[in-house]
1. Would you check if Thr72 is touching a Leu at 6+ places or on another chain (Cβ under 7 Å), at pLDDT 75 or above, under 30 Å from Leu160 (Cα atoms) and not small (Gly, Ala, Ser)?
2. Just checking, how many residues over segment 162-192 are touching a helix residue (DSSP H, G or I) at 6+ places or on another chain (Cβ under 9 Å) and assigned to a strand (DSSP E or B)?
3. Tell me, please, whether a residue that is assigned to a loop (DSSP other than H, G, I, E, B) and either closer than 19 Å to Gly185 by Cα or of a type in the set (Ser, Thr, Tyr) (or both) can be found in segment 282-294.
4. Within segment 266-286, can you find the residues that are crowded, with 21+ Cβ neighbours inside 10 Å and more than 30 Å from Glu320 (Cβ to Cβ)?
5. Do you know which of the residues in segment 60-103 that are hydroxyl-bearing (Ser, Thr, Tyr) and part of a strand (DSSP E or B) is surrounded by the fewest Cβ atoms within 10 Å (Cβ to Cβ)?
6. Let me confirm something: among Tyr170, Tyr251, which residue is modelled with pLDDT of 95 or more, of a type in the set (Phe, Trp, Tyr) and closer than 30 Å to Glu86 by Cα?
7. With the structure loaded, tell me whether Asp39 is free of Cβ contacts under 8 Å to residues at least 12 places away in the same chain and either in a loop (DSSP other than H, G, I, E, B) or acidic (Asp, Glu) (or both) or whether it fails that test.
8. When you go through Asp25, Asp33 one by one, which is the residue that is more than 30 Å from Asn224 (Cβ to Cβ) and modelled with pLDDT under 95?
Amino acid sequence: MQCSMLNTMSTETAPTNLTVNPLEDLQVTLNPDGTLNRDRFVFPDTSATPDPTPPTISVLSKDVTINSSHNTWVRIFLPRHALCSEEKLPLIVYYHGGGFIVGSAASTIFHEFCVTLASELSAIIASVEYRLAPEHRLPLAYDDAVEALHWVKTTRDEWLADHTDLSTCYLMGTSAGGNLAFHAGLRASASHHDLEPLKIRGLILHQPFFGGTQRTPSELRLANNQTLPLAASDLMWELSLPIGVNRDHEYCNPVVDGGFKLSEGLDKMRSLGWRILVTGYDGDLLIDRQGELAKLLKEKGLSVVSDFTEGGFHMIDLLEPDKSKPLVQTLKTFM
């Protein structure tokens, strides 16, 4: 059985009515050596569009290497109007979703979302390509996420150097990218002086991906939903967490023990005056986890905006782009 090679995780609270095969759902195959075959993964890629000549392109994009030894890079999205203006634009460092095991900054679904963000928010988006598990388990993706911030600080790339207001930066991520933005933020807050003149103003956690060994009501209610079934969520954590730990590790479950292991980082975020936006939908099995995190952050004294909406599902803003307008309005208000 393919899954026999995975970490041993707590199953004492696992539902007995799971009907989804997670490998088939994600259209990936676990190889005998523990690596993942992603050849059948459902999301296609889109190439960057750096050429400003076509007048119909409102947002330009290009790929720039961060660390060639790790094969990490960033896709920068630049609103066309910035080329004809001296105005410096805010920066959003974006981390894509995919449960830490699939997806790319080049995936069409994330590319198009970043185009929308750049256009609607009049911001520069730096979408980070980080290493994936199980070949590169956590915390390596967190390492890549923070390395990208230091790259932004020092790069001479003209799009960023000429058009970015480094004093107005937000870390944003969708799903697993929201988890990345959160943990990268914890690290960045501890070394914020080393990132100057880059100044982070806050975090945008868009349907962030968290978990735990004890099932929440939303996980039980939506265990077999189509966009993120519980079996797929469990598989993602089994493949991405450090070997030998369970879903109550702080990478997965930040609210364990009242967030004790993260207290220092959260205190630092508060002292820096960071603002945090947490968004979610009631059709997403993760919504209870997202609500728990927002509650913990508020209890720790951070400035938190919770935007939990009825009627949506996991990654609805990307899978059905015409329904992203409320989110865009929330981001405009927040930023």
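The values are calculated or read from the model by the stated rules, or taken from the named source; none is laboratory data. Worth saying up front: this structure is predicted, and the values here are computed from it rather than measured. Positions of Cβ are backbone-derived with ideal geometry, glycine not excepted, and every protein chain shown enters the neighbour counts.
1. Numbers: touching a Leu at 6+ places or on another chain (Cβ under 7 Å): no; at pLDDT 75 or above: yes; under 30 Å from Leu160 (Cα atoms): yes; not small (Gly, Ala, Ser): yes.
It is false that Thr72 is touching a Leu at 6+ places or on another chain (Cβ under 7 Å), at pLDDT 75 or above, under 30 Å from Leu160 (Cα atoms) and not small (Gly, Ala, Ser).
2. Of the residues in segment 162-192, 8 are touching a helix residue (DSSP H, G or I) at 6+ places or on another chain (Cβ under 9 Å) and assigned to a strand (DSSP E or B).
3. Going residue by residue through segment 282-294, those that are assigned to a loop (DSSP other than H, G, I, E, B) are 282-286.
Then drop every residue that is not either closer than 19 Å to Gly185 by Cα or of a type in the set (Ser, Thr, Tyr) (or both), which leaves none.
Taking every residue of segment 282-294 in turn, none turns out to be assigned to a loop (DSSP other than H, G, I, E, B) and either closer than 19 Å to Gly185 by Cα or of a type in the set (Ser, Thr, Tyr) (or both).
4. Leu266, Met269, Trp274, listed by residue number.
5. Filtering segment 60-103 down to residues hydroxyl-bearing (Ser, Thr, Tyr) leaves 61, 65, 68-69, 72, 85, 94-95.
In the following step, the residues that additionally are part of a strand (DSSP E or B) were identified as 61, 65, 72, 94-95.
On the way: Ser61: 23, Thr65: 12, Thr72: 21, Tyr94: 30, Tyr95: 33.
Among them, the one singled out is Thr65.
6. Working: Tyr251 fails: closer than 30 Å to Glu86 by Cα.
Criteria check complete, one pass: Tyr170.
7. Working: free of Cβ contacts under 8 Å to residues at least 12 places away in the same chain: yes; either in a loop (DSSP other than H, G, I, E, B) or acidic (Asp, Glu) (or both): yes.
Here the answer is yes, as Asp39 does meet what is asked.
8. Working: Asp25 fails: more than 30 Å from Asn224 (Cβ to Cβ).
Residue meeting the stated conditions: Asp33.
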